[in-house]
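Trainee: Structure in structure tokens, see below.
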Amino acid sequence: GAGVSQSPRYKVAKRGQDVALRCDPISGHVSLFWYQQALGQGPEFLTYFQNEAQLDKSGLPSDRFFAERPEGSVSTLKIQRTQQEDSAVYLCASSPTYTGANVLTFGAGSRLTVL
Amino acid sequence: AQKVTQAQTEISVVEKEDVTLDCVYETRDTTYYLFWYKQPPSGELVFLIRRNSFDEQNEISGRYSWNFQKSTSSFNFTITASQVVDSAVYFCALSEANSGYALNFGKGTSLLVTP
């Protein structure tokens, strides 16, 4: 696609519910990133994929967070037993290669509100 | 420790004024990359510029200019003759060679340009 697409754009969940957030990266982009952006803060790194391999998940805040990219394209971020502190915008980004010079293309984000 | 510091939380200017957004970074790597991203109200982070640590040449792109000074670990961003459409949150970010790919973002500066 022309850009990084994320769905849903908005999600309201009751505490304890499971949620799944989807990311469609730019076609052919090797690298895919998930970031979490709390209100008034900068994005914080969650996890990184190179094709289907999850190379770094050091930023995932707890074992309730799980991400996958089984075919090296679409990725899903799953949050189990949501808590109020999980409320944030979840940003997905992709890039064509893997280097520190990568320019990431970001999606518009999925705003999660946990009641 | 915060690797990227954007001390200005909010700035408000009147249209046509010049404005400088400050960014100070911290790294032990000799190879690193600095970025500026813009986040308009729609939420999507938009790439503005990337500099590598070996290139301290300042850059100008239309009304935008960037001043990179390794001696002070700063990468400041100036908008000349600001316009209402410049209103957004601006993020400075650092990518270090030794930590590869993950972008470390500052907390952002919210710029409001009023007519």
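Trainee: Give the residue that is surrounded by the fewest Cβ atoms within 10 Å (Cβ to Cβ), with candidates limited to residues of segment A:25-60 that are more than 9 Å from every other protein chain (Cβ to nearest Cβ) and touching a residue at least 60 places away in the same chain (Cβ under 8 Å).
Mentor: Per the criteria, the residue is A:28.
Trainee: Picking from B:85, B:89, which residue would you name as being out of contact with any His (no Cβ under 8 Å at 6 or more places or on another chain), under 30 Å from residue A:110 (Cα atoms), facing chain A (nearest Cβ under 10 Å) and β-branched (Val, Ile, Thr)?
Mentor: Being out of contact with any His (no Cβ under 8 Å at 6 or more places or on another chain), under 30 Å from residue A:110 (Cα atoms), facing chain A (nearest Cβ under 10 Å) and β-branched (Val, Ile, Thr) holds for just one of B:85, B:89, which is B:89.
Trainee: For segment B:70-115: of the residues being assigned to a loop (DSSP other than H, G, I, E, B) and within 12 Å of the chain's Cα centre (by Cα), which is nearest to residue B:17 (Cα to Cα)?
Mentor: The extreme case among them is B:108.
Trainee: Right, something else. Using beta carbons and a limit of 7 Å, which pairs, at least six apart or on different chains, have the first residue in segment A:97-110 and free of Cβ contacts under 8 Å to residues at least 12 places away in the same chain and the second one among the acidic types (Asp, Glu)?
Mentor: So the pair list comes out as A:100/B:96.
Trainee: What do you reckon, is residue A:35 in a strand (DSSP E or B) and in contact with a Pro (Cβ under 7 Å, 6 or more places away or on another chain)?
Mentor: yes
Trainee: Looking at segment B:1-34, which of the residues that are modelled with pLDDT under 95 and buried (at least 16 other Cβ atoms within 10 Å of the Cβ) is nearest to the other protein chains (Cβ to nearest Cβ)?
Mentor: The extreme case among them is B:33.
Trainee: Next up: Quick one: residue B:59 ticks every box in (1) among the charged types (D, E, K, R); (2) closer than 26 Å to residue A:36 by Cβ; (3) under 15 Å from the mean Cα position of the chain (by Cα) bar one, so which box is it?
Mentor: With (1) among the charged types (D, E, K, R); (2) closer than 26 Å to residue A:36 by Cβ; (3) under 15 Å from the mean Cα position of the chain (by Cα) applied to residue B:59, the lone miss is (2).
The values are calculated or read from the model by the stated rules, or taken from the named source; none is laboratory data. In this text, all values refer to a predicted model and were calculated from it rather than measured experimentally. Cβ atoms come from the backbone with ideal geometry, glycine included; neighbour counts cover every protein chain shown.
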